[in-house]
1. Fully extended, how many nm does the chain gain between Val120 and Ile50 (0.36 nm per residue separation, minus their Cα-Cα distance)?
2. Are there trypsin sites (Lys or Arg not before Pro) in the range 1-56 that DSSP puts in a loop and that have at most 11 other Cβ atoms within 10 Å, and which ones?
3. Assuming 0.36 nm per residue, please report the length gained on full extension of the stretch Glu18 to Val110 beyond their Cα-Cα distance.
4. I'd like to check one number: the per residue accessible area of the chain, probe 1.4 Å, reported in Å² as a whole number.
5. Can you give the convex hull volume per residue for the Cα atoms of the chain, as a whole number of Å³?
6. For the range 1-74, what does the alpha-carbon gyration tensor say about shape, rounded, prolate or oblate, given a ≥ b ≥ c as the root eigenvalues, a/c under 1.5 as rounded, and a/b over b/c as prolate?
7. How big is the gap, in Å, between the Cα center of the range 44-62 and the Cα center of the range 69-97?
8. Suppose R0 equals 41 Å; then what is the FRET efficiency for Asp60 and His102 from their Cβ-Cβ distance, rounded to the nearest 0.05?
Amino acid sequence: MKLMIINGPNLNLLGKREPEVYGSTTFEEYFQELQQKFPNVDLEHFQSNIEGELIGKIQDVGFSYDGIILNAAAYTHTSVGIGDAVKAVSTPVIEVHISNTHKREDFRHVSYISAGAKGVILGFGLQSYDLAITSFL
Ligand code: DQA
């Protein structure tokens, strides 16, 4: 089982970014926990603050990996390009969010990703990623 976690803009700041919303754990720390929890899953992680790089990574892995776990962060609410990339690939994509975006500002209630996603998991903190991995097993 080969899974790719793709994180969008500002998620490189997890641990110090708005800890009351996103927690105080860095993604690198959490990723190590995930690798220990799922030793039989070939897990990779990619982060970019650049829309085109996120689209490129979805295209690169989207015809060969077993799953993509995508937190497009702020681009979730703006990017037709990332939404189209999710629809274009054959690998199933699970959309994840750390926070419950529906409890937050109105602009976060819209997702350009969801229509092409296999499923959506949000609001469980970093555990959203864990639940997404489990959904592929
Ligand atoms: C987020 C929610 C988005 O609205 C926000 O722009 C993010 C993170 C989340 O994981 O809760 O950067 O995707």
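1. Details: separation 70, 0.36 × 70 = 25.20 nm, distance 2.23 nm.
Stretched fully, the Val120-Ile50 segment lengthens by 23.0 nm.
2. On the way: sites: Lys2, Lys16, Arg17, Lys37; in loops: Lys16, Arg17.
Hits after loop and neighbour filter: Lys16.
3. 31.0 nm
4. 49
5. With only Cα atoms used, the chain gives 90 Å³ per residue.
6. Numbers: a/c = 2.95, a/b = 1.20, b/c = 2.47.
Oblate, since a/c reaches 1.5 and b/c is not below a/b.
7. The distance from the Cα centre of the range 44-62 to that of the range 69-97 comes to 10 Å.
8. About 0.85, to the nearest 0.05.
The values are calculated or read from the model by the stated rules, or taken from the named source; none is laboratory data. Predicted model, so just to flag it, every value in this text is computed and none were measured. Using ideal geometry, Cβ is built from the backbone for each residue, glycine included, and neighbour counts are taken over all protein chains shown. Remember, those area values only see protein heavy atoms, side chains included, never the ligands or the DNA or RNA. Shrake-Rupley method; radii C 1.70, N 1.55, O 1.52, S 1.80 Å.
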